[in-house]
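Before any comments, here is the structure.
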Amino acid sequence: MIYVHPQYFWLLLLLIPATARYIFKKSKSQASLQYSSIKTFENFKKPLKYYLRHLLFIIRSAVFILLIFILARPQIEKAENKTTQGIDIVIALDISGSMLARDFKPNRLEASKNIAIEFINKQENDRIGLVVFAGEAFTQCPVTIDHKVLINLFSGVKQGIIDDGTAIGHGLATAVNDLKDSKSKSKIVILLTDGENNAGNIDPMTAADLAAKFNIKVYTIGVGKNGFAEMPVPRIFGTQMQKVEVKIDEQTLKLISEKTGGKYFRATDNEKLKKIYDEIEKLEKDKIKEKLGKQMQEEYMRFLIPALILLVFEILLRYTVLRTLP
């Protein structure tokens with residue numbers, strides 16, 4: 001708590017002469033009688049008024065002190081946090097054949113889509129876009145505040161609409177291109193893949209350099225359990241399930257996130273992927289909270305209310321219990 005006019009506290013020194021005057025006055029106003037013996041009065045109980053005789057002065061002094069605090073104008077600094085604007089987000093989603101692996105329910109691609117849609121539904125003030133990549137990459141939906149349109153386009157994403165492969169660098173570069181002209185204070189790419197860069201003509205680290213240049217933070221997510229995962233593989237007599245080794249270039253994904261100020265995550269099931277999106281949301285929402293200029297809140301009421309209560313109490317005592325006292 002601070003006081004706008006602390007000089008008023010000097011008025012508290014007036015209590016010293018006021019108290020001295022009160023003591024002097026009380027000592028002079030006491031009458032005296034001479035008795036040969038005080039034994040008669042030894043068992044005499046003092047009335048309640050005797051103990052309350054100084055209460056009126058104490059109450060007045062307390063009211064005076066509270067009024068001085070009010071005059072000093074007490075205030076507290078109220079830090080007001082608010083999100084000044086939304087975030088611009090591009091989700092770069094790997095839709096290569098390996099995303100059909102069933103270590104997620106029902107598979108990696110559908111789980112990634114469903115959880116991303118849940119995430120989108122919570123971002124009321126954010127502009128979000130979608131980039132899909134496999135052997136190449138393209139923008140499925142530019143950044144938009146119209147989340148219904150985005151979700152419809154997201155729902156329509158299927159494996160096979162792009163030649164197979166994993167062009168991580170191309171996918172990231174496409175997402176960066178969608179965000180580079182954004183005026184938002186917070187620009188992020190959520191890049192989700194389950195493999196290694198093996199297609200496209202843009203190196204992932206070159207794309208990361210571009211992201212860093214335009215102040216775009218990249219959160220990378222490696223999708224897939226450790227070891228092997230069942231994956232549908234086309235055969236002559238139809239599709240068969242086959243266990244395939246999970247190979248995620250975690251080292252590259254970590255370097256991308258470190259270079260751009262983001263963070264790398266590993267998702268091994270649906271629940272873990274959902275928690276990753278929640279963590280990304282929290283990290284970014286906390287980042288764009290700003291402390292507005294000093295918001296000072298007046299606090300005189302915490303002194304005024306007890307002062308009024310004491311004043312009313314003093315008046316009631318003066319004209320009831322203590323009305324015969326000088």
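For the residue pairs K213/K243; K254/K275; K158/K185, the alpha carbons lie more than 30 Å apart in K213/K243; K158/K185.
P(r) for the chain, from all Cα pairs and a bin width of 10 Å, is 5, 19, 20, 9, 6, 7, 8, 9, 8, 5, 3, 1, 0, 0 %, short bins first.
Along the chain, the longest continuous region that contains none of the trypsin sites (Lys or Arg not before Pro) in a DSSP loop with at most 10 other C-beta atoms within 10 Å is 46-182.
Quick one: among I202, I305, I151, which has the greatest mean-square fluctuation in a GNM of the chain with alpha-carbon springs under 10 angstrom? Fluctuation is largest for I305. Listed by chain and number, the aspartates and glutamates placed with their C-alpha closer than 16 angstrom to that of K272 are D103, E110, E118, D194, E281; residues fewer than eight positions away on the same chain are left out.
Span-like helix check, the chain: qualifying full DSSP H segments, with Cα axial length of 18 Å or more and mean Kyte-Doolittle of 0.5 or more, are 55-71, 301-318. Among I91, I23, I168, the largest mean-square fluctuation in a Gaussian network model of the chain (Cα springs under 10 Å) belongs to I23. Within the chain, the longest run free of exposed loop sites, counting chymotrypsin sites (Phe, Trp or Tyr not before Pro) that sit outside DSSP helix and strand states (H, G, I, E, B) and have at most 10 other Cβ atoms within 10 Å, spans 45-236. Rg and Dmax of the range 177-326, both derived from C-alpha coordinates alone, stand at 31.6, 114 Å.
Values in this text are rule-based calculations from the coordinates and carry no lab data. Fair warning: this is a prediction, and the values are worked out from it, not measured in the lab. Methodologically, a virtual Cβ is constructed for each residue, glycine included, from the backbone with ideal geometry; neighbour enumeration extends over all protein chains shown.
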